[in-house]
Number of protein chains: 2
Amino acid sequence: MLKDHVKGNVPDKDVLKTMIREEEAKLSGSLMKIKEAKLPVMVICEGWGGAGKGSTLGKVINAIDPRFFKLKTYEGTPSDDEKRYPFLYRYILTIPEGGKFTFYDGYWMHEITDAVREGTLSPEEYAKRIESINRTERSLHDNGYLIVKFFFNISRKEQKKRLEELMEDKDTEWRVSKSDLKENSRYDKCLEIYDRYLTDTNRSIAPWYIIDAKESKTAEWQMLGFLNQSIDTALKNKALAVPILQNTFPLVQMPKLSDIPLEGKTLTDEEYKETLDKLKKELRDLHYRLYRKKIPVVIAYEGWDAAGKGGNIKRITGALDPRGYEVHPIASPEPHEKSRHFLWRFWNRIPRTGHIAIFDRTWYGRVMVERLEGFCSENDWQRAYNEINEFEKELSDWGAIIIKFWVQIDKDTQLARFTDRQNTPEKKWKITDEDWRNREKWDLYEDAVNEMIEKTSTEYAKWYILESVDKKYARIKALEIVIDQLKEALDGKRKNK
Amino acid sequence: MLKDHVKGNVPDKDVLKTMIREEEAKLSGSLMKIKEAKLPVMVICEGWGGAGKGSTLGKVINAIDPRFFKLKTYEGTPSDDEKRYPFLYRYILTIPEGGKFTFYDGYWMHEITDAVREGTLSPEEYAKRIESINRTERSLHDNGYLIVKFFFNISRKEQKKRLEELMEDKDTEWRVSKSDLKENSRYDKCLEIYDRYLTDTNRSIAPWYIIDAKESKTAEWQMLGFLNQSIDTALKNKALAVPILQNTFPLVQMPKLSDIPLEGKTLTDEEYKETLDKLKKELRDLHYRLYRKKIPVVIAYEGWDAAGKGGNIKRITGALDPRGYEVHPIASPEPHEKSRHFLWRFWNRIPRTGHIAIFDRTWYGRVMVERLEGFCSENDWQRAYNEINEFEKELSDWGAIIIKFWVQIDKDTQLARFTDRQNTPEKKWKITDEDWRNREKWDLYEDAVNEMIEKTSTEYAKWYILESVDKKYARIKALEIVIDQLKEALDGKRKNK
C-alpha cells in the first residue's frame, strides 16, 4: 500500500489556501448534522515520526468547536497497569460518543509495528492482533461508527532532516523518541512492516488514506478533504442495516429451557450447610492461586427476575478476598454509556489479570430486554450474537476464564417470590412495576433466552443452567462449576483454550 | 491516639455471633434510607499489615447488596502516571455517589506514613498533606458525605506471627509486602508515626475508630457497630446547614463590573493580525518549554453568553501543540457527576504535569447558575467560595499556573450578537431559549459575578477581565496575559507561589 502509493496532484499555494478554508468551512458546517445523526467519528492518524501528524491535527481540530471532539495520544508501549488488560482495552476505552469526534494522534498501530520491528511479536500473535483490529473496526462500523484512517508519509531523507532539526533545540528535543530514531535508521525494514500492516488492515469499511506529508499545507488539505468525504458518505449510509454474519465459532449443543427438569433439584439444610462450608474453603484457596498466577475470571449472571441471582452471587463472593473481585450490578445504561457501542460499558468493567469480575446482568441485555422492549433495532440485536461471541473470544484469547450462568425457575415460583416480596416490608424495594410487566412477557422472553443460549454457547464461553427453585441447590451448583473451571485453568488442563 | 487506646469490653463468643447478625441486619436495613437520603458513605480502613482489614471488610460488604457499594484498594505508592497529578487526585476520583458506599482497603494514609518512615517527606510537606486531607474531609462532610475511619490495631508480636503464617504458603505469600515487613521490624517507630497521623487527622466531623483486631469476630462486630452508629447520626444530620467559614486566603482588590470601561478597547484589523501572529509564535515556544519543565496550567473561562469565549479560546489553542492541551466545555453535569461533590467532575479533568487544561465554563457555575437557578441550597453556594479557593490552592501548591478570565461585554452588545445568531442559519444552534432567559436575569447575574470576583481573586489564582466588545482586543489581551504568566513561571519569578 505504502510502497506503491501514487501521489496525487497538488494545487499551487494560493489556490491551496482557499481550498483549505473551504474544507474547514465544510467540516465545521457538518458538525450539526453529525450531532443530529448521533454519528460517532474516529479519526486515526498514524505515520512516520516527524511526519507532522501532530501539527496537522492541531490545525484540523482548530476548525471544530471543542464541544464536538476529544484528542487522544497513544504511546507505543502500554503502562504496567495497562498490561494487566487485553490488548484492545486501552484503545476501546476512548471511543467517542454519538455525535462527537475522537482524534487519535497514534492509535493501536504502533504497539504492533514497534513490537514486530523489535522482534517481540510472533507471527501468530501478529495475526491475532490483526484479526482483533479488523473485527473491532467492523463491529464499530456496524454499530454506526465512522472510522477514518490516515497514514502520514515522508521519505527517509525528509524524516532525517526533520528529526535533526527537532533535536537541535532543547525545547523540541523531547519530541523525538528513541523509536523515531530507530525508525529512521531502519527505514526500509519499517517500510516493509508498515506496508504490510496497512494492507492487512485496509478494509472497505475503514480504508487507509495515505497523506503526502512533505509539505504541511498539502497534508492539511488532503486530510480535511478525505475527512469531509468520509463524513458525507457516513451520513448517507447512517440509516442502512448491515449484513448479519454467519457464525464461525464452535458451539456447544444446549437444551431448551422447557426441557430442563426442575423438580427434585433440592438439598436439605444439612447437606447445604456442610457442602457450602467445604466449597467456600476450596474456592478461597483457589482464589489465592488464581491471583498469584494472574488469571482473570469473568462470571456472568443472567436469569428470571427473583430467580435468586443476588443470593447466589453472595455465596461466591463470601469466599473471596475483597481485594481480588468486584461485583458489577448492571442497570440501564447512563447517557454517556448509551451513546457508545453497547459493549463499551462492559469493556470498561473487565477485570485485571488475577481478578474476578462478577456481572449481575450483562451484555446479554442486548438480545433480551433491548430486543423485546425495542431499545435497539432488529438489525442491532440480530448482529449482537456474533458481536458478543467475538467479545468473549477476545477475553478468552487473552486468558480469561468465562463462566455464564442462567438462573432458572418456573413461572409459579416467580409468582410466589414476587408476592412474598410485595408483602414483606424489607423486601418491597426489590420488586417494581417493571418486574410485573416483564412477567407478562414471559413467553417472549423464554424464546429470546433459548435463542441466546443456542447462539452464544461457545466452546470457550459456555452457558450453565442453575436450577434455582431450591436456591440452595443452585448455589451449590454454581460454586461447584466455578471451582471446576478454576481448577481446570490452574492445573493447565483447560480444553477450551 | 493509638498508644493510649483503651480496649473496650468484648462479649463472649456465642453472644458475639448473635450481635454480629443483628448489626448486619441493621446495616442492610439502612440501605434504603441511605438511598433515599442520597447519603454518600466513605468507609476508610487503615491499619497494620496483616491486621485483617481485608478479610473483615470482606465480611462486612457481604451484608450489603452489590448495587450499593464499591470497594477500592490503594497501594502506598502512586504509579508513574498518577505521579503526574496532585497528591489528592487519585483519591478523590473514587469518592462515592449519593446513596452509595465506597469501602477503602487503605486510602491516603499510607502514602504519607510510608514516606515519613522512609524519610522522603519533609516536615513541611507532611504538614501540607495533613492540611489537604483535613480540608478535603471537611469539604466532603460539608457537602453531605459521611466519612467513617477505622484503624485495625494489632501488637508487634501478633503481627509477626501473622506475617510468618502468610509467608509459609506460596499462595498467600504475595499478600505480605515489603512494607509490611519493614513495619514489623520497625514497629515502634511506625507506632509513633501512625499515632501522630491519627491524632493529626482526628476531627469531630470524621473521627478515627480504633479496632482491636487480634480476634477477627470482635473486629467485625466493632466495625459494624461503629458503622451503624455513624450512619444513624449522619441520617439525622442530613438536613442541617453547616457553618460558612471565614476567608483565610489573601485576596486581590478587584473592580466591580460596572466600573470597568469598555469603550476604546479596540484594535484595527492590521494591529490585530500583526500582534496575533507574533504572540502565537511566542506562546508556541513557551508551550514546549512548559512541557519540558512539566508545569501544569489551568485556564478558566467565564463570561456573559455571546461574549466571545469560544473564539477567544480558539486563538489560544491555535498556538498550542494538540498533544499538550485539552479544552473542556462544561455543560450541566451528567447524573453520575451531579450525584457527587460538585468539584469532582473538575478534579476529573485537571491536567497532567506539563499539560494545559482550558475550561469553557467552570466550577464557578456553583456560585452563578446553580445559585440563581436554585440548583443548590443557599448554604451550598455560600460555602462554595471557600471550597473553590481551597481547590485552587491545592492546584497552585502542586505547582499549577491558574489563570481565570471573565469575558466582559455590555447588555447592548449581547443583544446585537443574540440577534445576529438568531438570524444567521449557521450560527442559530448557538442560541437557545435559555440564553434569552438568562439575559432577563442580567442584573442578578451581575451581582453574583461581582461577589464571585471579589471573593475568589486570590493571590495565587487571580481573575482577569477581558473587555470583549471588540473581540480582537479581548483575544490579544488573553494571549498577552497567558504569555506573561507562563514566562513568570518558567523564569522562576512567580510571586504567587
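The values are calculated or read from the model by the stated rules, or taken from the named source; none is laboratory data. All of these numbers come straight from a predicted model, not from anything done at the bench. Cβ: placed from backbone, ideal geometry, glycine included. Neighbour counts: every protein chain shown. Accessible surface areas use protein heavy atoms only, side chains included; no ligands, DNA or RNA. Shrake-Rupley method; radii C 1.70, N 1.55, O 1.52, S 1.80 Å.
Please work out which residue is most open to solvent (accessible area, probe 1.4 Å), limiting yourself to segment B:180-215 and to residues that are of a type in the set (Asp, Glu) and either under 28 Å from residue A:288 (Cα atoms) or part of a loop (DSSP other than H, G, I, E, B) (or both).
B:215
If a residue has to be free of Cβ contacts under 8 Å to residues at least 24 places away in the same chain and either farther than 18 Å from residue B:148 by Cβ or open to solvent by less than 10 Å² (accessible area, probe 1.4 Å) (or both) to count, how many in segment B:26-35 make the cut?
1
If you scan segment A:296-345, which residues turn out to be among the hydroxyl-bearing types (Ser, Thr, Tyr) and touching a residue at least 12 places away in the same chain (Cβ under 8 Å)?
A:301, A:317, A:325, A:339
Tell me, which residue of segment A:364-398 that is of a type in the set (Phe, Trp, Tyr) and touching an Asp or Glu at 6+ places or on another chain (Cβ under 9 Å) is farthest from residue A:239 (Cα to Cα)? Walk me through it before giving the result.
Taking segment A:364-398 and keeping what is of a type in the set (Phe, Trp, Tyr), we get A:364, A:375, A:381, A:385, A:391, A:398.
Narrowing further to those that are touching an Asp or Glu at 6+ places or on another chain (Cβ under 9 Å): A:364, A:381, A:385.
On the way: A:364: 24, A:381: 16, A:385: 21 Å.
Out of the qualifying residues, it is A:364.
Restricting attention to segment B:254-288, and to residues there that are of a type in the set (S, T, N, Q) and touching a residue at least 12 places away in the same chain (Cβ under 8 Å), which single residue is least open to solvent (accessible area, probe 1.4 Å)?
Taking the candidates together, the pick is B:275.
Residue under question is residue B:8, and the condition is that it be touching a residue at least 24 places away in the same chain (Cβ under 8 Å), touching a strand residue (DSSP E or B) at 6+ places or on another chain (Cβ under 9 Å), of a type outside the set (Val, Ile, Thr) and outside the structural domain of residue B:197 (by TED's automatic domain parsing); does it hold?
yes
Test residue A:177 against the stated conditions and say whether it is open to solvent by 20 Å² or more (accessible area, probe 1.4 Å) and in contact (Cβ under 8 Å) with a residue 12 or more places away in the chain.
So residue A:177 fits the description; yes.
Checking residue B:426 against (1) touching a Gly at 6+ places or on another chain (Cβ under 8 Å); (2) under 30 Å from residue B:250 (Cβ atoms): exactly one of these is not met. Which one?
Single failed check for residue B:426: (2).
Working only within segment A:17-65, note down all residues that are of a type outside the set (A, V, I, L, M, F, W, C), facing another protein chain (nearest Cβ under 10 Å) and in contact with a Leu (Cβ under 8 Å, 6 or more places away or on another chain).
A:58, A:65
For (1) under 18 Å from residue A:36 (Cβ atoms); (2) acidic (Asp, Glu); (3) in contact (Cβ under 8 Å) with a residue 24 or more places away in the chain; (4) not in a helix (DSSP H, G or I), each residue gets a yes or a no:
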| position | (1), (2), (3), (4) |
| --- | --- |
| A:222 | no, no, yes, no |
| A:229 | no, no, no, no |
| A:235 | yes, no, yes, no |
| A:239 | yes, no, no, yes |
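How about segment A:145-170: which of its residues are open to solvent by 60 Å² or more (accessible area, probe 1.4 Å) and either in contact (Cβ under 8 Å) with a residue 60 or more places away in the chain or part of a helix (DSSP H, G or I) (or both)?
Of everything in segment A:145-170, those that are open to solvent by 60 Å² or more (accessible area, probe 1.4 Å) and either in contact (Cβ under 8 Å) with a residue 60 or more places away in the chain or part of a helix (DSSP H, G or I) (or both) turn out to be A:156, A:157, A:160, A:161, A:164, A:165, A:167, A:168.
Among the residues of segment A:458-489, how many are in a strand (DSSP E or B) and within 17 Å of residue A:275 (Cβ to Cβ)?
Going through segment A:458-489 one residue at a time, the tally reaches 2.
As an exercise: evaluate residue B:346 against (1) within 12 Å of chain A (Cβ to nearest Cβ); (2) in contact with a helix residue (DSSP H, G or I) (Cβ under 6 Å, 6 or more places away or on another chain) and give the number of the one condition it does not meet.
Failing condition for residue B:346: (1).
Please pick out the residue among B:417, B:437 that is modelled with pLDDT under 95 and more than 14 Å from chain A (Cβ to nearest Cβ).
B:437
Yes or no: residue A:310 surrounded by fewer than 20 Cβ atoms within 10 Å (Cβ to Cβ), within 23 Å of residue A:257 (Cα to Cα), out of contact with any Lys or Arg (no Cβ under 7 Å at 6 or more places or on another chain) and within 10 Å of chain B (Cβ to nearest Cβ)?
Against the criterion (surrounded by fewer than 20 Cβ atoms within 10 Å (Cβ to Cβ), within 23 Å of residue A:257 (Cα to Cα), out of contact with any Lys or Arg (no Cβ under 7 Å at 6 or more places or on another chain) and within 10 Å of chain B (Cβ to nearest Cβ)), residue A:310 qualifies.
I'd like to know if segment B:441-463 contains one or more residues that are touching a Lys or Arg at 6+ places or on another chain (Cβ under 9 Å), open to solvent by less than 80 Å² (accessible area, probe 1.4 Å) and closer than 24 Å to residue B:267 by Cβ.
Yes.
Pairs needed: first member in segment A:119-144, farther than 17 Å from residue A:366 by Cβ; second member anywhere, polar (S, T, N, Q) and open to solvent by less than 30 Å² (accessible area, probe 1.4 Å); C-beta distance under 7 Å; at least 6 residues apart or different chains.
Every condition considered, the pairs that remain are A:130/A:201; A:133/A:201; A:134/A:201.
Which one of B:294, B:256, B:314 is over 28 Å from the mean Cα position of the chain (by Cα) and basic (Lys, Arg)?
Only one candidate passes the filter, namely B:256.
Mind checking whether some residue in segment A:51-59 is under 30 Å from residue A:346 (Cα atoms), more than 20 Å from the chain's Cα centre (by Cα) and open to solvent by 10 Å² or more (accessible area, probe 1.4 Å)?
First pass over segment A:51-59, keeping only residues under 30 Å from residue A:346 (Cα atoms): none.
No: zero hits.
Could you check residue B:349 against (1) out of contact with any strand residue (DSSP E or B) (no Cβ under 6 Å at 6 or more places or on another chain); (2) farther than 23 Å from residue B:477 by Cα; (3) open to solvent by 20 Å² or more (accessible area, probe 1.4 Å) and say which number it fails?
(1)
Which residues, counting only those in segment A:1-34, are in a helix (DSSP H, G or I) and farther than 30 Å from residue A:238 by Cα?
A:13, A:14, A:15, A:16, A:17, A:18
Please specify each residue of segment B:66-81 satisfying the condition of being facing chain A (nearest Cβ under 7 Å) and either assigned to a helix (DSSP H, G or I) or in contact with a strand residue (DSSP E or B) (Cβ under 8 Å, 6 or more places away or on another chain) (or both).
Correct list: B:66, B:67, B:71, B:73.
So which pairs qualify, if the first residue must be in segment B:416-442 and more than 20 Å from residue B:468 (Cβ to Cβ), the second must be open to solvent by less than 80 Å² (accessible area, probe 1.4 Å) and not polar (S, T, N, Q), the Cβ gap must be under 6 Å, and the two must be at least 6 apart or on different chains?
Note: pairs meeting the criteria are B:429/A:32.
Yes or no, residue by residue, for (1) acidic (Asp, Glu); (2) open to solvent by 50 Å² or more (accessible area, probe 1.4 Å); (3) part of a helix (DSSP H, G or I):
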residue	(1), (2), (3)
B:90	no, no, yes
B:94	no, no, no
B:115	no, no, yes
B:125	yes, yes, yes
B:129	no, yes, yes
B:134	no, no, yes
